[in-house]
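Participant: First, the structure itself, so that you have it in front of you.
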Amino acid sequence: MFLKLFRKPKPTSERSRSDSAALLAAYRATGDLAILGELYEQHMELIYAVCFNYLRDEEEAKDAVMNLFEQLITDLRRHDVQQFGPWLHSVARNYCLMQLRKSQAHPTVALVNQAESDANGESTDEFTSDDTDLPELEEDLTRMEACLLMLPSEQQVCLTLFYLERKTYTEVAEQTGYDLKQVKSYLQNGRRNLKICMSRH
């Protein structure tokens, strides 16, 4: 099943949604893992994309996809799920957030923390391991994703490469064509603008 992980996603249709409902009902009635596998396979590309968006690591995202399948074995027998697709998306998102909470040094969390640090007048370009208010982490990550897309392209690219892909200043400069001074400036201004955007939302 997982060998099909990187196939191009197929567009969702009314038929696939009805098939999902039928497979869900069949699995709940029988507990047959082959049926669950067929059901999960219909949504696996999307779940991988969700997991990679949060975890920013290919292997971690693959592990998450497999772990989520194992979680569904029991969850779907306990919960009366009406809309499988949206419910699974929520489960995957919550799973990834739990993984982020377990590792405060994760680059996505580091970027949120760095934006907070800049807002408080601190200045550092190193990863921060300060504790994030865990109950607010999910909201912060959601706002950060939206705000990152609203930044000027230079700031967006530099923040993504430096924090989310863990590139060095030199690697960011080589990949973007900016000099080191520009990279540091885009990072500083990008973090400040990211914080301003997050505070407004």
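Participant: If you check L141 against the conditions, is it modelled with pLDDT of 80 or more and assigned to a helix (DSSP H, G or I)?
Facilitator: Here the answer is no, as L141 does not meet what is asked.
Participant: A further question on this structure: If you scan the stretch 152-192, which residues turn out to be assigned to a helix (DSSP H, G or I) and hydroxyl-bearing (S, T, Y)?
Facilitator: Passing the criteria: S153, T160, Y163, Y169, T170, T176, S185, Y186.
Yes/no per residue for (1) more than 24 Å from E60 (Cβ to Cβ); (2) surrounded by 14 or more Cβ atoms within 10 Å (Cβ to Cβ):
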residue: A146; (1), (2): no, no
residue: L149; (1), (2): no, no
residue: Q155; (1), (2): yes, yes
residue: R166; (1), (2): no, no
residue: E171; (1), (2): no, yes
residue: Q182; (1), (2): yes, yes
residue: L187; (1), (2): yes, yes
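The values are calculated or read from the model by the stated rules, or taken from the named source; none is laboratory data. Since the model is a prediction, treat every value here as computed from it, not as a measurement. We place every Cβ from the backbone using ideal geometry, glycine too, and count neighbours over all the protein chains shown.
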